[in-house]
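The values are calculated or read from the model by the stated rules, or taken from the named source; none is laboratory data. Only a predicted model underlies this, so the values are computations on that prediction, with no experimental measurement involved. When we count neighbours, we look across all protein chains shown, and the Cβ atoms used for this are built from the backbone with ideal geometry, even at glycine.
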Amino acid sequence: MKKLLLSTLLLTSLIGFSQEKEFKSPIKKGVINLEGNLAFGKSNSSSVYTDLESKATNFRINPNVGFVVQDNFVVGVSLGYSYLKNTSDSSLSTSSLKRHSYSGGLFATQFYDITEKFKFNLTGQAIYNRTTFSSNRDQKGNGVNIGFSPGFTYFLGNQIALKFNYGSLSYNYFENIEQDRVVNKSHNIGLDLSSSQVTFGLSYFL
């Protein structure tokens, strides 16, 4: 029985080792990369000093199409849509804000091997976004984001991988437009480590 158990463990180890050796990274020049990131969040807050209660719901999806121009380096096009709903209630008033944002731009990702299957990745992007707001008065806006985001990639097989990104160092420009007139402009440079900067996604190489 002991010999059978030891033989089984040895065979399992050899198969796993063989599969690991047979795996070859697909991030090779000429390969097409399809990927998508998805983020969702909900939050509730209240004040102990007033009866004000706030609720927020956000959702974001980003499909990307890339091309491996050299081993471990991908460039491509990024598209995106995000939605935010924020409500505040008190005995005196109720307010609601809805935001829809559409984006498009370019990205580049460099992969660094930790192991053959597990990689650190750094992504740079330049994104334009168009936003509409619905609140007490309708507004819209235009923005530009230029930034860098670190993350990790783990290959589940020869073509498909899981991606995780957290945080960003970026420059953001945004202008609010009301009645076809710019009413506010903002510039921001900073490091963002909030939960809104956490994304999970799938990446496929073909």
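Does residue 80 qualify as being farther than 19 Å from residue 163 by Cβ, within 14 Å of the chain's Cα centre (by Cα) and either without any contact (Cβ under 8 Å) to a residue 24 or more places away in the chain or in a strand (DSSP E or B) (or both)? Spell out the reasoning first.
Details: farther than 19 Å from residue 163 by Cβ: no; within 14 Å of the chain's Cα centre (by Cα): yes; either without any contact (Cβ under 8 Å) to a residue 24 or more places away in the chain or in a strand (DSSP E or B) (or both): yes.
No; evaluated as a whole, the condition is false for this residue.
Between 132, 87, 109, 94, which is under 19 Å from the mean Cα position of the chain (by Cα) and of a type in the set (Val, Ile, Thr)?
The match here is 109.
Out of the residues in segment 166-206 meeting the condition of being within 13 Å of the chain's Cα centre (by Cα) and assigned to a loop (DSSP other than H, G, I, E, B), tell me which one is modelled with the highest pLDDT.
For segment 166-206, the residue satisfying everything is 167.
Which one of these is free of Cβ contacts under 8 Å to residues at least 60 places away in the same chain and outside any strand (DSSP E or B): 115, 109, 132? I'd like the intermediate steps shown before the answer.
Numbers: 109 fails: outside any strand (DSSP E or B); 132 fails: outside any strand (DSSP E or B).
Being free of Cβ contacts under 8 Å to residues at least 60 places away in the same chain and outside any strand (DSSP E or B) holds for just one of 115, 109, 132, which is 115.
Which condition from (1) surrounded by 14 or more Cβ atoms within 10 Å (Cβ to Cβ); (2) at pLDDT 95 or above is the one that residue 112 breaks?
(1)
As an exercise: evaluate residue 158 against (1) surrounded by fewer than 15 Cβ atoms within 10 Å (Cβ to Cβ); (2) more than 19 Å from the chain's Cα centre (by Cα); (3) assigned to a strand (DSSP E or B) and give the number of the one condition it does not meet.
Evaluating residue 158 over (1) surrounded by fewer than 15 Cβ atoms within 10 Å (Cβ to Cβ); (2) more than 19 Å from the chain's Cα centre (by Cα); (3) assigned to a strand (DSSP E or B) leaves (3) as the failure.
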